[in-house]
1. Report whether or not Ser190 is away from ligand 2 (no atom under 16 Å from the Cβ) and crowded, with 21+ Cβ neighbours inside 10 Å.
2. In contact with a helix residue (DSSP H, G or I) (Cβ under 8 Å, 6 or more places away or on another chain), surrounded by 15 or more Cβ atoms within 10 Å (Cβ to Cβ) and closer than 26 Å to Gly171 by Cα: which single residue out of Ala298, Ala304, Ala276 fits that description?
3. Sort out which residues of segment 256-273 are crowded, with 22+ Cβ neighbours inside 10 Å and assigned to a loop (DSSP other than H, G, I, E, B), and write them in order of number.
4. Output the residues belonging to segment 121-157 that are at negative phi, within 16 Å of ligand 2 (Cβ to nearest atom) and either in contact with a Leu (Cβ under 7 Å, 6 or more places away or on another chain) or not polar (S, T, N, Q) (or both).
5. Can you find a residue that is free of Cβ contacts under 8 Å to residues at least 60 places away in the same chain, buried (at least 21 other Cβ atoms within 10 Å of the Cβ) and aliphatic (A, V, I, L, M) anywhere in segment 219-230?
6. Might you check whether a residue that is over 30 Å from Arg100 (Cβ atoms), surrounded by fewer than 16 Cβ atoms within 10 Å (Cβ to Cβ) and among the polar types (S, T, N, Q) occurs anywhere in segment 8-18?
7. Based on this model, can you work out whether Ala92 counts as free of Cβ contacts under 8 Å to residues at least 60 places away in the same chain and assigned to a helix (DSSP H, G or I)?
8. Restricting to segment 42-86, count the residues that are closer than 18 Å to Ser196 by Cβ, within 16 Å of ligand 2 (Cβ to nearest atom) and out of contact with any Ser or Thr (no Cβ under 7 Å at 6 or more places or on another chain).
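The values are calculated or read from the model by the stated rules, or taken from the named source; none is laboratory data. This is a predicted model, so every value here is computed, not measured. Every residue, glycine as well, gets a Cβ built from its backbone with ideal geometry; the counts of neighbours run over all protein chains shown.
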Amino acid sequence: MNIRYELLAPADRKKLPNCVSDMPFGALRTNHMFLVDYLDGEWRDARIVPYGPIPLMPGAVALHYGQAIFEGAKAFRHPDGEIYLWRFEKNAERINHSARNICMAEIPEDMQQEAVERLIDVEREWCPVEPESALYIRPFMFGTQDILGVRPSDSYTYCIMLSPCGPYYKGGFSKSLELLITCKYHRAVSGGTGTSKVAGNYAASLLPAEYAHSQGADQVLYLDCTNTYLEEVGTMNHYHVLKDGTFIIPEFSDSILKSITSSTVLELAAAGKVKARQEHIRLDSFIEGVKSGEIIEAGGLGTAAVVSPVGKYILEDGTVVTVGDGRVGEHTRNLYELYNGMQTGKIPAPAGWLKKVGRF
Ligand code: PLP
Ligand code: COI
């Protein structure tokens, strides 16, 4: 791909601050971004330019009808000093699943791969090395056509921006989350867009998240629309751990995002590295299991969340159910250490899971 570079002079570039892990997730930006436009059936003008405003017509489809999708991926600096992408090809594949789901143009996966490597190559010094930190990658695409009829845009912009980050939840891995389980709100429905990272899913999660905060919880653990089965959190998949150390992840359905992190844990299980499987999990048996002590740990899985422990569930009637002693358990800690160890190059990862960022 032909990429045009319009780079800031070294003197005009900001530098990576110390202590990224203390900053709110997503607060930082690097100096540049990647952009490419889709028009008349072709991707055009691929460019790496200073991070800044993107011109958009007020009638752009993305602004009115939400034709917008995104991904979340990470890169890590390894002990050899090189930067490695973690399973980015899975994100490249999934953004095209999301694109198909809301009738957008697909983005060639080799173009996405080259774009992310070239952008990171320009921003090498922005990859942090503190514990629990990473270079977070946010690819996204939006419909730019200036029309008011409800129909798919015929033009798009695909962008990649970077954000050096610490943990997603304040307090990091050592602080257990509290989740609200409610029948009042649902994240996604069968036949809808729950398997995709479309912007509207996240807009719809804002009010439920505020409700969760008003009830003393960090987030909502969503149920399916019959209020029978556990689904996921608005920012991560869910798991619980049985007494024998097995991780149970809700079976992917057409209203759950097929998490790359969960899928990776299941691949590790197939290779005998952890005990994990998927099941349809009834809310009533889950609560019973937590109360009886059959379920000893719980948490969330995601790119931003990595492995995030959950210590308590707040139920609709205000009852609080504590998992184990409410603190981070050993299985959760071991999984986090294995996962993060592979991502950061401290523990060998299966072939193909890490890709060294090229030097161009
Ligand atoms: N579920 C939702 C709704 C998410 O937004 C995310 C984050 O991407 C996840 C689950 C975890 O998915 P992944 O592990 O691919 O980041
Ligand atoms: C991610 O884990 O990358 C996500 O996209 C989740 C969240 C930040 C919305």
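1. On the way: away from ligand 2 (no atom under 16 Å from the Cβ): yes; crowded, with 21+ Cβ neighbours inside 10 Å: no.
Spelling it out, it is not the case that Ser190 is away from ligand 2 (no atom under 16 Å from the Cβ) and crowded, with 21+ Cβ neighbours inside 10 Å.
2. Values: Ala304 fails: in contact with a helix residue (DSSP H, G or I) (Cβ under 8 Å, 6 or more places away or on another chain); Ala276 fails: closer than 26 Å to Gly171 by Cα.
None of the others qualify; the one that does is Ala298.
3. Ile256, Leu257, Ser259
4. Keep residues of segment 121-157 that are at negative phi, which gives 121-131, 133-157.
Add one more test, that the residue is within 16 Å of ligand 2 (Cβ to nearest atom), and what stays is 133-142.
The answer is Ala134, Leu135, Tyr136, Ile137, Arg138, Pro139, Phe140, Met141, Phe142.
5. yes
6. The answer is yes; a qualifying residue exists.
7. Working: free of Cβ contacts under 8 Å to residues at least 60 places away in the same chain: yes; assigned to a helix (DSSP H, G or I): yes.
Yes: the conditions hold for Ala92.
8. Just the residues of segment 42-86 that are closer than 18 Å to Ser196 by Cβ, to begin with: 61-62, 65-73.
Adding the requirement that they be within 16 Å of ligand 2 (Cβ to nearest atom) leaves 66, 68-73.
Filter once more, keeping what is out of contact with any Ser or Thr (no Cβ under 7 Å at 6 or more places or on another chain): 66, 68, 70-71.
Number satisfying all stated conditions: 4.
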